[in-house]
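Participant: Please read through the structure below; I'll follow up with questions.
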Amino acid sequence: MRPLSRETLGGPSSYPSRIFTIHSDGISPISRLNSFINFAMTTANILPRVHIGEVIRNAVVFNLRNARSDSVNADSLIETVAHFFTLLRERQVEYVLVGGIALLQYVEGRNTEDIDLIMGLSSLEKLPEIEVETEDRDFTRGKFGHLKVDILLTSNPLFERVSKHYVTTQRFVEHEIPCATVEGLILLKLYALPSLYRQGNFARVGLYENDVATLIHAYRPQVEGLFRELSHHLSGDDLAQVKKIVAEVQARLDRFGESSKNTANKQ
């Protein structure tokens with residue numbers, strides 16, 4: 001079920017190209033234009049826009065672990081999120097939104113309590129309001145007020161690569177935000193999986209593999225190109241395991257797709 005965290009909005013990418021490819025059918029250009037406008041208006045009532053603050057607020061509210069704590073005012077998170085992204089814009093901070101919030105821009109997903117960004121150290125220095133809790137070579141975790149913020153540092157070559165070559169601008173309720181593309185999100189998930197397996201973090205493994213399967217099912221990206229990209233950032237053994245995971249995902253999708261087709265034919 002899609003989180004209760006969005007407002008409705010359609011976008012140009014939703015318009016069907018077939019409206020513009022009708023020729024010699026007796027339909028006047030004006031009628032064709034009217035059909036396009038009617039479709040766009042209908043689409044605008046169907047496709048939702050992600051409200052980041054509400055996603056995070058809902059995740060905090062429905063997390064039972066937070067019910068035992070009075071330290072977080074969940075409703076204030078909506079204002080905190082809006083203020084955070086306003087600061088990013090005002091201070092001209094270079095960043096890319098990734099993680100669970102970015103995922104929601106493309107597919108139905110789960111609520112998440114934190115914001116994940118790719119960012120360089122120079123950009124992070126422009127945000128002294130973030131209270132750093134943990135940091136290592138590739139990651140920094142902190143809080144902006146009560147808002148959890150995870151930073152993927154561009155000192156990692158893949159994170160830098162995604163921030164430069166797998167980014168697009170997406171409209172959220174709060175702002176227009178630079179956001180990882182579908183391919184960028186898949187790259188980050190696949191890159192993380194070998195390490196998560198070694199850590200025995202199978203709860204997160206399951207989440208990431210499900211995210212990858214959902215994105216592949218919805219967008220059918222060219223995975224061979226993603227493997228070529230990952231070959232510069234993973235060992236040979238890790239890349240082989242990632243390819244195996246993707247092959248298993250694709251096999252499941254093909255199997256259930258064929259099953260659905262057979263069921264439809266019987267009906």
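The values are calculated or read from the model by the stated rules, or taken from the named source; none is laboratory data. Everything quoted here is computed from the prediction, not taken from an experiment. No Cβ is skipped: glycine too gets one built from the backbone with ideal geometry, and neighbour counts run over all protein chains shown.
Participant: Filter the stretch 77-93 for residues that are assigned to a helix (DSSP H, G or I) and among the β-branched types (Val, Ile, Thr) and give the result. Before the answer, list the steps.
Facilitator: In the first step, residues of the stretch 77-93 are kept if they are assigned to a helix (DSSP H, G or I); the result is 77-90.
Residues satisfying the conditions are Ile78, Thr80, Val81, Thr86.
Participant: Related question: Please determine whether any residue of the stretch 175-193 is closer than 22 Å to Ala240 by Cβ, among the aromatic types (Phe, Trp, Tyr) and within 16 Å of the chain's Cα centre (by Cα).
Facilitator: yes
Participant: Pick from the stretch 94-142 the residues that are of a type in the set (D, E, K, R) and not in a loop (DSSP other than H, G, I, E, B): which of them is farthest from Ala213 (Cα to Cα)?
Facilitator: Glu131
Participant: Here's something else I'd like to know. If I go through the stretch 120-145 residue by residue, how many of them are small (Gly, Ala, Ser), surrounded by 14 or more Cβ atoms within 10 Å (Cβ to Cβ) and closer than 21 Å to Gln92 by Cβ?
Facilitator: 3
Participant: Output the helices (runs of 4 or more DSSP H) that fall wholly within the stretch 178-259 and possess 2 or more residues being buried (at least 18 other Cβ atoms within 10 Å of the Cβ) and acidic (Asp, Glu), or say none.
Facilitator: Details: elements: 182-199, 202-219, 223-230.
Of the helices (runs of 4 or more DSSP H) lying wholly inside the stretch 178-259, those with at least 2 residues that are buried (at least 18 other Cβ atoms within 10 Å of the Cβ) and acidic (Asp, Glu) span 202-219.
Participant: Looking only at the stretch 94-118, which residues are in contact with a Leu (Cβ under 7 Å, 6 or more places away or on another chain) and in contact (Cβ under 8 Å) with a residue 40 or more places away in the chain?
Facilitator: Tyr95, Val96, Leu97, Val98, Ala102, Leu103, Tyr106, Val107, Gly109, Ile115, Ile118
Participant: Another question, then. From the list Leu193, Leu153, Leu127, Leu158, pick out the single residue that is out of contact with any Pro (no Cβ under 8 Å at 6 or more places or on another chain), at negative phi, modelled with pLDDT of 95 or more and not assigned by TED's automatic domain parsing to the domain that holds Ala59. Step through it out loud before you land on a result.
Facilitator: Details: Leu153 fails: not assigned by TED's automatic domain parsing to the domain that holds Ala59; Leu127 fails: not assigned by TED's automatic domain parsing to the domain that holds Ala59; Leu158 fails: not assigned by TED's automatic domain parsing to the domain that holds Ala59.
Of Leu193, Leu153, Leu127, Leu158, the one residue that is out of contact with any Pro (no Cβ under 8 Å at 6 or more places or on another chain), at negative phi, modelled with pLDDT of 95 or more and not assigned by TED's automatic domain parsing to the domain that holds Ala59 is Leu193.
Participant: Further question: Can you confirm whether Thr154 is closer than 23 Å to Leu97 by Cβ and touching a strand residue (DSSP E or B) at 6+ places or on another chain (Cβ under 6 Å)?
Facilitator: Numbers: closer than 23 Å to Leu97 by Cβ: yes; touching a strand residue (DSSP E or B) at 6+ places or on another chain (Cβ under 6 Å): no.
It is false that Thr154 is closer than 23 Å to Leu97 by Cβ and touching a strand residue (DSSP E or B) at 6+ places or on another chain (Cβ under 6 Å).
Participant: While we're on this one: Quick one: in the stretch 178-222, which of the residues that are in contact with a helix residue (DSSP H, G or I) (Cβ under 7 Å, 6 or more places away or on another chain) and β-branched (Val, Ile, Thr) is farthest from Arg252 (Cα to Cα)? Before the answer, list the steps.
Facilitator: Just the residues of the stretch 178-222 that are in contact with a helix residue (DSSP H, G or I) (Cβ under 7 Å, 6 or more places away or on another chain), to begin with: 179-180, 182-194, 196-197, 204-205, 208-209, 211-213, 215-217, 219, 221.
Now narrow it down to the ones that are β-branched (Val, Ile, Thr): 182, 186, 205, 212, 216.
Details: Val182: 20, Ile186: 17, Val205: 17, Val212: 12, Ile216: 11 Å.
Applying the filter and picking the extreme gives Val182.
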